[in-house]
Amino acid sequence: MRDVADVATGHLAAIFAEQAKEHPDRQFLVFGSRRMTYAQVEREARALGQALSGLGVKPGDRLAVDLPNWPEWVVTLLAAAYEGVALVPLDPSLSFHELKHQLRHAEVRAAVVAEGYGDVDYVELYHRLLPDLPDLGAIVTVGSTERWLDSRMYRYPDLVSKRPARASSPPADVAAPLVILYTSGTMGKPKGVTLSHRNVCLTAHAAAELLRHTGEDRALGAVPLFGIFGLHVVSVAVTAGATLVLQERFNARDALNLIRRERVTVVHGVPTMFELLMRDPSFEEQPPSTCRTGIVAGSPVSPDLVRRIRQWCDVQIAYGLTETGPTVTMTGFDDVPERRSHTVGRPIPGVEVKVVDLKSGALHGPEAVGELAVRGPNVMLGYYRMPSETGRSFTSEGFFLTGDLAIVDEDGYVRIVGRRNEVIIRGGYKIYPRELEDLLRTHPAVGDACVVGIPNEMLGELICACVVATEGSIVTGDELKEFCREAVADYKVPDLVRFFDTLPLTGSGTVKRRELAQVVSLELSTT
């Protein structure tokens, strides 16, 4: 495996092309009964990329992908990389308005979407979107049915069935955007995080090295590919030349069967996923025996949970954000047990961390509590079309401000001790209260609302909407949940709704969020 300096100057398409050349017949993607080798995926990715080029998608354009964890998602990522196009991964559960905003804001030129998934007809959904998105020149549908399509719609099988022209060298600009990933800001506004090939390949290589990941490994791809963790899982597998076993949507029982059947050796997931795996009845009946290591990340992980996971899979703890490509720190096999369980490890090679004083903004030394700040080649290019927001996210020394409170010890190990903002992390997903509060206040029966996180062993946190109803109105918690479900993705819908006569306020008039969370937590503990 190459050293980190080589990968820091690498390009995802070049790395994949090298793997396909060295191991053409090695399985790369496994999905149910489907098996695709490195050579097959390369041919399909080049064919798709060249077909999109023929449809007017040029280097520097944006290509959206709106698919579940299917092989076509990975092929689309590589096609974009080969053509010098920035990929915009979309959450398949986005509401109509959320989807339209992201497609419009990213100025998407083409999109690869499912014909249908779950109970959603995506052909119909995009047909409704097209009149409002004149820049969206082509939609490529993935599915097996033949149905009437808009003149701007094309079938994926038709495009990839054409033999690509003679392979040309992949682009070499490692500073070019690879992906634009949408994540909510501190005030709930969606922000497009632009990551370069260098950002993504550097963290992928560092993770592969710390996991001692090789081409003999078979990694589980069960985290959603549209998020930074999913992208990281794919890029780590590519860097290692390994096999990626995809699961369409995480389900503990099915994942355990998949691990056993495909002899998975590397398991990645958020803490909730590992907890669900170990709680499934079949886990005790037939514990997985092939799992060697993996990454647990995405939300805080307790030392007890890590201890229980490591009894069957010797995972590493990682910390990062979408804006940091994602990895900032990670534990290693050679770390002492205390640090492997109670810290998130040390910065990966080439990355520097400091803590910033919350009042003065000055950079602290070791052992001080402050906001974690990161500088290095893993840090994003910026927020797409948001220069002011990008500028506010960095210190004058060029450190990115994470919003997380941390301690860095004298040996460089990082302990995350809290969050500066009120972000709720539920099952690995980030939910920003302001977005839901603004939505709830538009309901005619809601006078005021405050959304807080309630600790939960399974999901990390539950979303609780604390509501003050307007005088004389009658509304139920289920009605407010359904109201939210029509406007936002399912994982943002409140788990709990609690009604209050008034919300507790500080002397300056702001809501006492901690007090509200404590009241609800106490109520739940006594029921």
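Within the stretch 207-219, which residues are farther than 15 Å from Val315 by Cα and either within 18 Å of the chain's Cα centre (by Cα) or of a type in the set (Asp, Glu) (or both)?
Glu216
Every residue, every condition in (1) open to solvent by 10 Å² or more (accessible area, probe 1.4 Å); (2) outside any strand (DSSP E or B), yes or no:
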| residue | (1), (2) |
| --- | --- |
| Val374 | no, no |
| Asn378 | no, yes |
| Ser388 | yes, yes |
| Leu401 | yes, no |
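Just to be sure I understand, how many residues within the stretch 272-315 are farther than 20 Å from Met458 by Cα and among the polar types (S, T, N, Q)?
Total meeting the criteria: 4.
Would you confirm, using the coordinates I've provided, whether Ala406 is of a type in the set (A, V, I, L, M), modelled with pLDDT of 95 or more and buried (at least 22 other Cβ atoms within 10 Å of the Cβ)?
Spelling it out, it is not the case that Ala406 is of a type in the set (A, V, I, L, M), modelled with pLDDT of 95 or more and buried (at least 22 other Cβ atoms within 10 Å of the Cβ).
Read through the list (1) touching a residue at least 12 places away in the same chain (Cβ under 8 Å); (2) farther than 30 Å from Ala176 by Cα, then give the number of the only condition that Ser93 fails.
Every listed condition holds for Ser93 apart from (2).
Given the conditions (1) of a type in the set (Ser, Thr, Tyr); (2) open to solvent by 20 Å² or more (accessible area, probe 1.4 Å); (3) not in a loop (DSSP other than H, G, I, E, B), which single one is not true for Ser93?
(3)
Would you check which residues across the stretch 264-277 are assigned to a helix (DSSP H, G or I), at pLDDT 90 or above and touching a Pro at 6+ places or on another chain (Cβ under 9 Å) and list them?
Across the stretch 264-277, the qualifying residue is only Leu277.
Any idea how many residues of the stretch 42-79 are among the β-branched types (Val, Ile, Thr) and either at pLDDT below 95 or more than 25 Å from Gly221 (Cα to Cα) (or both)? Write out each step before concluding.
Of all residues in the stretch 42-79, those among the β-branched types (Val, Ile, Thr) come to 57, 65, 74-76.
Of the ones still in play, those that are also either at pLDDT below 95 or more than 25 Å from Gly221 (Cα to Cα) (or both) are 57.
The total comes to 1.
Ala51 versus (1) open to solvent by 10 Å² or more (accessible area, probe 1.4 Å); (2) under 30 Å from Arg485 (Cβ atoms): which is the lone unmet condition?
With (1) open to solvent by 10 Å² or more (accessible area, probe 1.4 Å); (2) under 30 Å from Arg485 (Cβ atoms) applied to Ala51, the lone miss is (2).
Of everything in the stretch 153-167, what is closer than 22 Å to Pro68 by Cα and assigned to a loop (DSSP other than H, G, I, E, B)? Give them in sequence order.
Correct list: Ser161 only.
If you scan the stretch 122-134, which residues turn out to be surrounded by 15 or more Cβ atoms within 10 Å (Cβ to Cβ) and either of a type in the set (Phe, Trp, Tyr) or not in a helix (DSSP H, G or I) (or both)?
Residues satisfying the conditions are Tyr122, Tyr126, Leu133.
Being farther than 17 Å from Val193 by Cβ and assigned to a helix (DSSP H, G or I) is the filter here, so list the residues in the stretch 67-80 that pass it. Break it down stepwise before answering.
Here is the first cut: in the stretch 67-80, the ones farther than 17 Å from Val193 by Cβ are 67-76, 78-79.
Pro71, Glu72, Trp73, Val74, Val75, Thr76, Leu78, Ala79, listed by residue number.
Of the conditions (1) assigned to a strand (DSSP E or B); (2) more than 22 Å from Phe229 (Cβ to Cβ); (3) not acidic (Asp, Glu), Ala64 fails just one. Which one is it?
Evaluating Ala64 over (1) assigned to a strand (DSSP E or B); (2) more than 22 Å from Phe229 (Cβ to Cβ); (3) not acidic (Asp, Glu) leaves (2) as the failure.
Being modelled with pLDDT of 95 or more and over 26 Å from Val30 (Cα atoms) is the requirement here; does Leu87 meet it?
No.
Of all residues in the stretch 10-36 being free of Cβ contacts under 8 Å to residues at least 60 places away in the same chain, part of a loop (DSSP other than H, G, I, E, B) and open to solvent by less than 60 Å² (accessible area, probe 1.4 Å), which is nearest to Leu258 (Cα to Cα)?
Among those that are free of Cβ contacts under 8 Å to residues at least 60 places away in the same chain, part of a loop (DSSP other than H, G, I, E, B) and open to solvent by less than 60 Å² (accessible area, probe 1.4 Å), it is Gly32.
What strands (runs of 3 or more DSSP E), lying completely within the stretch 412-526, carry at least 2 residues that are modelled with pLDDT of 90 or more, touching a His at 6+ places or on another chain (Cβ under 6 Å) and open to solvent by 60 Å² or more (accessible area, probe 1.4 Å)?
So the answer is none; nothing clears 2.
Please determine whether any residue of the stretch 105-115 is in a helix (DSSP H, G or I), in contact with a strand residue (DSSP E or B) (Cβ under 8 Å, 6 or more places away or on another chain), modelled with pLDDT of 95 or more and open to solvent by 20 Å² or more (accessible area, probe 1.4 Å).
yes
The values are calculated or read from the model by the stated rules, or taken from the named source; none is laboratory data. Because the structure is a prediction, the values reported are computed rather than measured. Counting neighbours? That spans all protein chains shown, and the Cβs are built from the backbone with ideal geometry, glycine included. Just so you know, the surface numbers come from the protein's heavy atoms only, side chains and all, with ligands and any DNA or RNA stripped out. Shrake-Rupley method; radii C 1.70, N 1.55, O 1.52, S 1.80 Å.
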